[in-house]
């Protein structure tokens, strides 16, 4: 697939929203957590050479660039995406208890797209309350950030949507969703903790899957790639309850010279770093551990790709 196959309004949205975006060889990249990745959902990622990735590093000054290829390959690999293809039907859920939980979510809540004004006024409240569930410092989208995103999305329709879950007239959960070439990525999901006991998360996901897979007939709903930085069970939950599956790909990484030397030097100690990350909360160690885990995955994929 070439870069021109997908009209990349997503990259334009990112740039207009204040993200750092560069275009090299007709391929759009943006900064994500301090490094560069292509501004495409996985089925849209163009063919990318290591030479192009190195040019991206030279232009951006970032320490490494990450991209993948062979999305949807039949052979398993250490790199995957977690997603759900349609149609969505509660009857396909084998676990009776999980089906009951989803039906309770449907009973108690209403799920629908949010307006620009609702995003600006109501989503910040949910985002702030959602932090109660987490330990340590947690990033929260401010009212201004959410307002800017919603206004930018309004100018570029079809790129970003917010889906909200309501208990009567109260917004209790929402999902921030990026759309590209008939697929959707659930980028951020926020919940008011008090309503989780009454299955608000089940109601939200049921509504999202029904809306995108059944009503809008999209190809898939994406949670994201394999998590190597954050300790989370959300992907296991989505696979176990909602029938999400792993779809495999090959991971590629290009490093700047000095950073490559550091990764190569630290790599033999990756297991020790991983143990330290498990024992103590330290953002620096977490970042180092994620980079080394990523390199382990890259090496594994390198063997598969020959």
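The values are calculated or read from the model by the stated rules, or taken from the named source; none is laboratory data. Since the model is a prediction, treat every value here as computed from it, not as a measurement. Virtual Cβ from ideal backbone geometry, glycine too; neighbours counted across all protein chains shown.
What are the residues in segment 194-226 that are farther than 20 Å from residue 43 by Cβ and touching a helix residue (DSSP H, G or I) at 6+ places or on another chain (Cβ under 7 Å), if any?
Hits for segment 194-226 are 198, 199, 200, 202, 203, 205, 206.
Can you list the strands (runs of 3 or more DSSP E) found entirely within segment 1-101 that contain at least 3 residues being crowded, with 18+ Cβ neighbours inside 10 Å and in contact with a helix residue (DSSP H, G or I) (Cβ under 7 Å, 6 or more places away or on another chain)?
Numbers: elements: 21-24, 27-32, 35-38, 64-73, 79-85.
Ranges flagged: 21-24, 27-32, 64-73, 79-85.
Residue-by-condition table, conditions (1) surrounded by 13 or more Cβ atoms within 10 Å (Cβ to Cβ); (2) closer than 20 Å to residue 199 by Cβ; (3) in contact (Cβ under 8 Å) with a residue 60 or more places away in the chain:
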position	(1), (2), (3)
111	yes, yes, yes
117	no, no, no
121	yes, no, no
146	yes, no, no
151	yes, no, no
155	no, no, yes
163	yes, yes, no
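Identify the single condition in (1) outside any helix (DSSP H, G or I); (2) touching a helix residue (DSSP H, G or I) at 6+ places or on another chain (Cβ under 7 Å); (3) surrounded by fewer than 18 Cβ atoms within 10 Å (Cβ to Cβ) that residue 274 does not satisfy, given that it satisfies every other one.
With (1) outside any helix (DSSP H, G or I); (2) touching a helix residue (DSSP H, G or I) at 6+ places or on another chain (Cβ under 7 Å); (3) surrounded by fewer than 18 Cβ atoms within 10 Å (Cβ to Cβ) applied to residue 274, the lone miss is (1).
Looking at 274, 258, which is the one that is over 26 Å from residue 55 (Cβ atoms) and assigned by TED's automatic domain parsing to the domain that holds residue 70?
274
Going by the structure shown, is residue 212 out of contact with any strand residue (DSSP E or B) (no Cβ under 8 Å at 6 or more places or on another chain), at pLDDT 95 or above and surrounded by 15 or more Cβ atoms within 10 Å (Cβ to Cβ)?
When the stated conditions are applied, residue 212 does not pass them.
Give 86, 136 a once-over and let me know the one that is touching a strand residue (DSSP E or B) at 6+ places or on another chain (Cβ under 9 Å) and modelled with pLDDT under 95.
Sole residue among the options that is touching a strand residue (DSSP E or B) at 6+ places or on another chain (Cβ under 9 Å) and modelled with pLDDT under 95: 86.
Taking the conditions exactly as written (in contact (Cβ under 8 Å) with a residue 60 or more places away in the chain and either within 19 Å of the chain's Cα centre (by Cα) or within 30 Å of residue 9 (Cα to Cα) (or both)), does residue 126 satisfy them or not?
It is true that residue 126 is in contact (Cβ under 8 Å) with a residue 60 or more places away in the chain and either within 19 Å of the chain's Cα centre (by Cα) or within 30 Å of residue 9 (Cα to Cα) (or both).
Please determine, by comparing only the residues of segment 76-92 that are more than 23 Å from residue 164 (Cα to Cα) and in contact (Cβ under 8 Å) with a residue 12 or more places away in the chain, which one is nearest to the chain's Cα centre (by Cα).
Going through the qualifying residues, I end up with 81.
Considering 202, 211, which residue is within 22 Å of residue 178 (Cβ to Cβ) and in contact (Cβ under 8 Å) with a residue 12 or more places away in the chain?
Among 202, 211, only 211 is within 22 Å of residue 178 (Cβ to Cβ) and in contact (Cβ under 8 Å) with a residue 12 or more places away in the chain.
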